[in-house]
Amino acid sequence: MGSFDYISIIAVFGYLLLFLIFITAKKNKIINSFLLVLVASICWTGGSFLMRIQAWPSYRVWYNVSICGLLLLAYALYSFVCAFAGRKTTFLSMLWLVLIVAACVINSLTGCFLAAPNMISLVDRSVVFEYNMTWSVGVLFAITGGVLFHMLYILVVNCRKNPVFRKQIEPTMLGMVLMFGGNLALLLPFLKGFPIDILSGLINALLMFYALIRRRLFRLKFLASEGVCYAAALMATLLVFYNLSPHLILTLQKHLPWLREDYVLVFAGMVVVVAMGFVFIWKRILSAIFVKEEQMQKECLQEFSLSASKSLRLKDIYEATVAIIKKATDVEDVYICMQRKPGYPYEMVYADSDLKATNFIMREDHPMVTYFTGHSEDFLFVRDFSYSVDGKALWHEERQMLNMLKIEYAIALKDGEELVGIVLFSNKDGKATISQGDTAFLGALGSIASIAIKNSMLYEKAFKEAVTDELTGLLNRRYFTERFQAIFSECEQSSLVLILIDIDDFKLYNQLYGMAEGDHALQQVARILQASVGENGIVARYYGKEFAVLLPHYDIMGAKLLAESISHQIHQMNSNKKNYAMRRLTASIGISAFPFGAHTMKEMLDNVDMAIYYVKHHGKNGIHISDSMTSVENPTGRQQEEFHPRDIYTEYESTIYALTAAIDTKDHYTFRHSNNVAYYATALAEALGMNEDTIETIRQAALLHDVGKIGIPEQILNKPSRLTEEEYEVIKGHVEASIGIIRHLPSLDYVIPAVIGHHERYDGKGYPRQIAGENIPATARILCIADSFDAIVSRRCYKSPVPLERAREILLEEAGRQFDPEMVTVFVGLLDTGEVKIAADEESILEEKQKAGGQV
């Protein structure tokens, strides 16, 4: 064994130690490529050493191992640089690997490129190896040269583009220069026999190890593991005894000759003692460096876990997370970004200092989000990331926002594979101060925090579902009542205003446009209320179409201005939709205040109900402020009475008569026509077996169905010739006009479905809504038949009356097209039996109406 063989042994042991450290580390491309460097170095150095000592099975085997390790080392260094630069696997990199492996296999089997050397024994029993090189060795040089030149190109390109990469890769570059310099130094005469190549290779590995430390790609806590400590101690012990054994034997022979037969036991005991000493020293050194910090961080984790388990409020969890991070690390500012639900962006929800950018968000396609989602790493250095392939996808605004907040690093809050949030850190001076132990601590903290935050979010979600209305997201009535009680107690020495908003004619809106459209309208109203009230009060869906707003410390005038703004916004809510005049929503709003208009909660609620009733009774779409100091009973007493359409109609009979009389001054036909339609429609409703209330509703609808014609110009109403398209559109507008008038007759809105649908066709080609079949209310289908029949058989300025027989044929021809086929068949049957006669003059009309029990 040569005098410098211990250098080879030290190098092999050094490589093995590094391999043991990294084999237990969390794997990524860089760590895997460094492991490949270590394996190649072990094969090269170990194979060379075992070849020189002619170890079993033969020196030729170890020569091939050494050559394969050397060739593989070139590719391993290339792979390490590619991984360090963040380059993806390319066809060229795969080609280099295939060529290296092929060269190793071919050369090992045939020796055609560089055959094993001849071993020559010298006089002093030492051996030398004589190589016989031919031109074919140039193939190996060409392959390794190509790999190394490609590696050099990657280094140059990335160093120019990325100064951070250049700084991080500097130790590796220095190690490579030393390694190649060491191999060239073998040509120097004064280094003959000294394994400078082996030594420079070891130095290169150590410098690469240092580069990984600077890049913080693994956790140094693995150094303190029991297995690594014992392995390191054993290697150190063997190395010591390998070099000191000759001296120890001489010492024992000289001073303790009587132990000659027990030298083996003595050596074994000394090995055990020395190994234990190395283990003890190794652990003490590591403890002095790492354990204090780890112990403190472990205590911080326990403290955080305990505090997180005591609260289910998200804000408490956020505060505890930030406090522990700042206590255990040297960061300056901490920002927490969370995702409310999948598909939503990650919004900044908490910061330990004044938010510099409250609108800071990261969408799901943000490069940092996609990186955490697609990789197992839970820690990220933002400066390094911004120069990586993924980081280059950052938009200018995103990069500018990170720079403005001085974000240096980030940790992922993950629930399994799901990314629920991201914690961002910054420093005053913009320099990274996170140590290796900190990354491990922050990773553990992130795991605990993500679980705590998820539990808190689930709790808050369940709580929100329990206290909010599912449709609108506002507080529900039960929880609003609880909050009302609490706020009322808090405002005993101040003021409190209650606003109740009741959407007018909302049942009708649902009937006309469907429940889905009605739900959408309620959601729009909820958004208007939330935006208008903001943080100044609380908003609830009080009941169905009623909303409540509670305003602590508000005065009456401020509440009135707010109510006016809300009313205006609701009124304009559907202004961008077709048929706005019919889709327009209004609100009746009541206001009650403490202590100005009420002394108790009950008084406030009773008074605001009475205010709503007042608005409804005076035409809806208004605001009334209750100034009563006591609750008032409903003066009408109608709440206990049964609903009778005839009674309500009677209340407005004079108004309706005045309107129809006004029409009569413009168009005598319209007045007579409405009475005729009432006669025909009630007769058909009775024949269809409808109840008394429905028949009365149809009669009233018939009398009101053309009331909107009061706004149609006389020259169009009485035009003797055919109407133009423009004139026809004006005529069609009488339906919307009729609805607009009826809506201002409180409690008569139940006739609107019949009035608005009496020009709809069974085949869906009517107006104004183009609905078809059973979607048209039954009352409207009846009114359509009666209205059309009277128009057919009546004399008009532009037509003569149609005989009954022909009118009958027209009705049957339009069955299933304009008219409900079943209803029109029944009506034709009434004509055939004589139960319904043509209302030819006013006297017969009055006679028939008196039989029906109605009045005009």
- Task: Within region 300-316, work out how many residues are part of a helix (DSSP H, G or I) and either surrounded by 20 or more Cβ atoms within 10 Å (Cβ to Cβ) or among the hydrophobic types (A, V, I, L, M, F, W, C) (or both).
- Result: 6
- Tell me, please, whether a residue that is closer than 15 Å to Asn621 by Cβ, touching a His at 6+ places or on another chain (Cβ under 9 Å) and open to solvent by less than 20 Å² (accessible area, probe 1.4 Å) can be found in region 563-575. no
- Close pairs (9 angstrom Cβ cut-off, 6 or more residues apart or separate chains): under 18 Å from Ala308 (Cβ atoms) in region 455-479, among the aliphatic types (A, V, I, L, M) and at pLDDT 80 or above anywhere: Asn455/Ile317; Ser456/Leu314; Ser456/Ile317; Met457/Leu314; Met457/Met338; Met457/Val420; Tyr459/Leu314; Glu460/Leu314
- Query: Inside region 688-801, counting only helices (runs of 4 or more DSSP H) that do not spill past its ends, which hold 3 or more residues that are touching a residue at least 24 places away in the same chain (Cβ under 8 Å) and either more than 25 Å from His618 (Cα to Cα) or touching a helix residue (DSSP H, G or I) at 6+ places or on another chain (Cβ under 7 Å) (or both)?
  - Reply: 692-704, 734-742, 752-756, 778-793
- Residue selected from region 770-808 under the condition loosely packed, with under 14 Cβ neighbours inside 10 Å and among the acidic types (Asp, Glu), by the criterion nearest to Gly514 (Cα to Cα): Glu774
- Considering only region 263-300, state which residues are over 11 Å from Thr237 (Cβ atoms) and modelled with pLDDT of 70 or more. Leu265, Val266, Ala268, Gly269, Phe280, Ile281, Gln297, Lys298, Glu299, Cys300
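Tell me whether region 510-517 contains one or more residues that are acidic (Asp, Glu) and open to solvent by less than 60 Å² (accessible area, probe 1.4 Å).
Keep residues of region 510-517 that are acidic (Asp, Glu), which gives 517.
If we keep only those that are open to solvent by less than 60 Å² (accessible area, probe 1.4 Å) as well, we get 517.
Checked region 510-517: at least one residue is acidic (Asp, Glu) and open to solvent by less than 60 Å² (accessible area, probe 1.4 Å).
Matching residues to (1) under 30 Å from Thr600 (Cα atoms); (2) within 21 Å of the chain's Cα centre (by Cα):
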site	(1), (2)
Leu424	no, yes
Ala449	no, yes
Ala452	no, yes
Leu471	no, yes
Leu475	yes, no
Asp504	yes, no
Asn510	no, no
Ala516	no, no
- Among the residues of region 171-180, is any in a loop (DSSP other than H, G, I, E, B) and assigned by TED's automatic domain parsing to the domain that holds Leu212? no
- Item | Any chance Leu831 is crowded, with 17+ Cβ neighbours inside 10 Å, modelled with pLDDT of 85 or more and within 18 Å of Val677 (Cβ to Cβ) | yes
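The values are calculated or read from the model by the stated rules, or taken from the named source; none is laboratory data. Being a predicted model, the structure only gives us computed values, none of them experimental. Backbone-built Cβ (ideal geometry, glycine too); neighbour counts: all protein chains shown. Surface accessibility is based on the protein's heavy atoms, side chains included, excluding ligands, DNA and RNA. Shrake-Rupley method; radii C 1.70, N 1.55, O 1.52, S 1.80 Å.
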